[in-house]
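Undergrad: Shown below is the structure under consideration.
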Amino acid sequence: MSDWNATIIEEFRSNGGTVATNGFGRSLVLVHNVGAKSGVERINPVAAIPQDDGSWLIAASAAGADKNPAWYHNLLARPDVTIEKPDEGGGISTVAVTAVDTGDGRDAAWAQFTAMSDGFKGYEAKTSRVIPVLRLVPRPAA
């Protein structure tokens, strides 16, 4: 895990889901995923946009890099994961979710990210790839 990710994760957990760094506020989730090849659990802070149906959108922007982030490939290979998310009351909850491709709804989903932050417009301008967007859908309690 990069030092930057470790710092963001620590700030998220220490402040009940709020991250002041880079102005993230309460717009991040921590995605717990398992390496598609390694089988090692990883945790990645990812910008997330809550949806009215209780799901979250996440974009595999990788800050505009020319390849998708490793966590994106991990979620495609093993889509049943958990996330830590900020609660309305100022705490953090863990939720079991399934990552699904937005398919034909990708452009509308991506538009939510570019409306949220000009940073996403910059990421899009830096790369020739189409930045994928996934939906994290809560799984029923076992």
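Any read-out appearing in this document is the output of simple, stated calculations on the displayed coordinates, not a laboratory observation. The model shown is predicted, which means the values in this text are computed figures rather than measured ones. Using ideal geometry, Cβ is built from the backbone for each residue, glycine included, and neighbour counts are taken over all protein chains shown.
Undergrad: Using 0.36 nm per residue of separation minus the Cα-Cα distance, give me the extension gain between SER38 and ASP3 in nm, one decimal. Numbers along the way, then the final one.
TA: Numbers: separation 35, 0.36 × 35 = 12.60 nm, distance 2.03 nm.
My answer for the length gained is 10.6 nm.
Undergrad: Sticking with this one: Between ALA111 and LYS126, how many nm apart are label points set 7 Å from Cα along the C-beta direction?
TA: Rounded to a tenth, the inter-label distance reads 2.5 nm.
Undergrad: Among the lysines, which fall within straight-line cross-link reach of LYS121, defined as a Cα-Cα distance under 22 Å, with same-chain neighbours fewer than 8 residues apart omitted?
TA: Here the lysines satisfying the reach criterion relative to LYS121 are LYS67.
Undergrad: As an exercise, use a Förster radius of 30 Å and the Cβ-Cβ distance of LYS67 and THR18 to find the FRET efficiency, rounded to the nearest 0.05.
TA: Numbers: r = 30 Å, r/R0 = 1.02.
After rounding to 0.05, the efficiency reads 0.50.
Undergrad: Within the set of other residues whose C-beta is less than 14 Å from the C-beta of VAL19, count the net charge using Lys and Arg as +1 and Asp and Glu as -1.
TA: Numbers: positive: ARG13, ARG26, LYS85; negative: GLU10, GLU11, GLU84.
Residues near VAL19 contribute 0 overall.
Undergrad: Quickly estimate the mean residue ellipticity at 222 nm for the chain, helices only: each DSSP H run with n ≥ 4 gives -39500 (n - 2.57), and the total goes over all residues, rounded to 500. Provide the component values of the computation, followed by the final result.
TA: Details: 4 runs with 40 residues, N = 142.
That calculation yields -8500 deg cm²/dmol at 222 nm.
Undergrad: When only C-alpha pairs under 8 Å and at least 6 residues apart count, what is the relative contact order of the chain, in percent? Spell out each step's value before the answer.
TA: Numbers: 250 pairs, mean separation 35.2, N = 142.
The value is 25 percent.
Undergrad: Continuing with this model, one more query. How much length is gained on full extension from LEU76 to THR98, taking 0.36 nm per residue of separation minus their Cα-Cα distance?
TA: On the way: separation 22, 0.36 × 22 = 7.92 nm, distance 0.99 nm.
The LEU76-THR98 span can extend by a further 6.9 nm.
Undergrad: Quick one, what does Rg over Rh come out to for the chain if you take C-alpha atoms and the Kirkwood Rh?
TA: On the way: Rg = 14.3 Å, Rh = 15.3 Å.
Result for the chain is an Rg/Rh of 0.93.
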